[in-house]
Amino acid sequence: MGRLFSAMRRHPLDTVGIVIFTALALLLTSLVAGTLAGRSGPSKEYEAVFHNASGLAPGDDVRISGVRVGKVKGVQLDGTDARIRFSLADGQKVYQGTTATVEFLNLLGQRYLHLEATSPRGDVLAPGSTIPVDHTRAGLDLTAVFNAFRPLFEMIKPGDVNQLADEIVQALQGQGGTIRHLVQQTAELTGRLVDRDEVIGSIIDNLTVVMGTMDQHRAEFRSLITELNTLTGVVARNRDTIGRTIDSVQGLVTQFAALLAVGNGDVIDSVEALARWSSSFATVAPRVARGLKDVEVLLKGYVKTLGIGSFLNTYVCKSDVKLAGGPPVDLSAASSQHSWRCP
């Protein structure tokens, strides 16, 4: 001790420097310790239940809008879920609508508990309350993401990546004109789209109207789709019968075509004969009309006679028979008896 005091008397400036450095070191150490401990006054504790709280550990931060407001106190298993116990500064509030999420603090894998008051907030939860599992979300598992890309990473070789990069650079260096032309065409296309913004807007408006109409008649569309589905099902179930019917119709058409091919001459002769008959009938149509009129008069007279009695007397005054190729023969001349009714 005597030697130490003697050295301090011989080097007073060095002694003052050591004292100042020691005091600053102690002050900074206390500040860092206080910051790491997160002791900022009174606090209150809450709990939150997660399906998966992987990576979250006691001592991790609890933050609201990126500001640290508390610490994670404990992580324990609650059945198949994880129950997180955390503390908040006395001035912070937890609402019924608050959600808790496990987020990444940095790329080293450190996590923190993020609290967010969604709308509607609801009532303020009392200290010791639990945020239910339907208001908590597990954080992104980067390990699972990288594991999913592991087969791709294993297939990619560093040499292939370097070769691809060299080829891209060479293409950009040697094809400057082509790239410039491509950029120019892209600019022209963008300009044309801008010039036709009214047409595009009109199309979008019309599509909006169509979609609105479909939404208003969604019941009818649903019924139509259901009926089409039923029709399709019926056709599918009777596809064999429909196929046989089509085959039968095809056979009938084939037989009818063959019949027309065989009797083509007879059909033509029949049509020609019908045409000749029609022409002949057209020439005697006036005589047929007069005959029908005479028949009408005869029938009227016959009806009148039936009003007198149920009998009809018929007198044949003259009867001519004409044979083919010969003169007419008067059959009334064969008898000598004539009625006074005949002229």
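The values are calculated or read from the model by the stated rules, or taken from the named source; none is laboratory data. Quick caveat: nothing in here was measured; it's all calculated off a predicted structure. Every residue, glycine among them, receives a Cβ derived from its backbone with ideal geometry; neighbour counts consider all protein chains shown.
Pick from the stretch 89-102 the residues that are assigned to a strand (DSSP E or B) and without any contact (Cβ under 8 Å) to a residue 40 or more places away in the chain: which of them is surrounded by the most Cβ atoms within 10 Å (Cβ to Cβ)?
At the first step, the residues of the stretch 89-102 found to be assigned to a strand (DSSP E or B) are 89, 95, 98-102.
If we keep only those that are without any contact (Cβ under 8 Å) to a residue 40 or more places away in the chain too, we end up with 95, 98-99, 101.
Details: Y95: 18, T98: 21, T99: 16, T101: 17.
Only one residue tops the list, namely T98.
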>> Just checking, does the stretch 18-28 include any residue being modelled with pLDDT under 75 and aromatic (F, W, Y)?
In response: yes
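When you look at A138, is it surrounded by 12 or more Cβ atoms within 10 Å (Cβ to Cβ) and modelled with pLDDT under 70, yes or no? Full working, then the answer.
On the way: surrounded by 12 or more Cβ atoms within 10 Å (Cβ to Cβ): yes; modelled with pLDDT under 70: no.
Answer is no for this residue.
Residues are listed down the side, and each one gets a yes or a no for (1) at pLDDT 85 or above; (2) within 17 Å of the chain's Cα centre (by Cα); (3) closer than 30 Å to L193 by Cα:
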residue	(1), (2), (3)
I203	no, no, yes
N206	no, no, yes
G212	no, yes, yes
A219	no, yes, no
R222	no, yes, no
E227	no, no, no
R237	yes, no, no
T241	yes, no, no
>> Which of the numbered conditions does R150 fail, given that it passes all the others? Conditions: (1) under 30 Å from V102 (Cα atoms); (2) at pLDDT below 70.
In response: (2)
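This table checks each residue for (1) assigned by TED's automatic domain parsing to the domain that holds V133; (2) on the phi < 0 side of the Ramachandran plot; (3) in a strand (DSSP E or B); (4) modelled with pLDDT of 80 or more.
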site	(1), (2), (3), (4)
M8	no, yes, no, no
D14	no, yes, no, no
E45	yes, yes, yes, yes
N52	yes, yes, no, yes
V62	yes, yes, yes, yes
Q76	yes, yes, yes, yes
S87	yes, yes, yes, yes
